[in-house]
Amino acid sequence: MTNQESKITYDPDADVLAWEMNDRTIAYAKEVKGIVIHFSPHHVPVLVEVLEATQFLAKTKDFTRIMQELGIAVPK
């Protein structure tokens, strides 16, 4: 994978959505509210994981619906 390619995968058994941004070496990770971001030794994001992805996406859909009901433009 080159730095310009990315790959998104979903593991239904773990309910994890993963966005592999590049193939750099992972040095450390930080988690905030069910989202884990893995960084290279030079602090470049390498991989983003959304834990409990079905719940996260359901909340996103609810948020989008509410925004639309309020007449706020939502990018597609």
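No value in this document is a laboratory result; all are computed from the given coordinates. Small disclaimer: the values here were computed from a predicted structure and weren't measured. Don't worry about glycine lacking a Cβ; one is built from the backbone with ideal geometry, like all the others, and counts go over all protein chains shown.
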Among (i) 4, 19, 33, 28, 13, 3, 0; (ii) 3, 15, 19, 18, 17, 14, 9, 4, 1; (iii) 3, 13, 14, 13, 10, 8, 7, 6, 6, 5, 5, 4, 3, 2, 1, 1, 0, the entry matching P(r) over Cα pairs in 5 Å bins from 0, in percent as calculated here is (ii)
Cβ under 15 Å from Phe39's Cβ, Phe39 left aside: what net charge do those residues give with Lys, Arg +1 and Asp, Glu -1? -2
Once phi is turned into ³J(HN,Hα) by the Karplus curve 6.51 cos²θ - 1.76 cosθ + 1.60 with θ = phi - 60°, what whole-Hz value does each residue of segment 60-73 show in order, with x for glycine and proline? 5, 5, 4, 4, 4, 4, 4, 4, 5, 5, 7, x, 8, 5
Over the Cα atoms of segment 37-76 the radius of gyration and the largest Cα-Cα distance (Dmax), both in Å, equal 15.0, 44
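Compare the peptides 59-66, 43-50 by average per-residue count of other Cβ atoms within 10 angstrom and give them in order, highest first.
Values: 59-66: 11.1, 43-50: 16.1.
By packing density, highest mean first, the sequence is 43-50, 59-66.
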Amide H within-cut-off set for Ala27, under 5 Å, with H built and near neighbours excluded: Phe39, Ser40
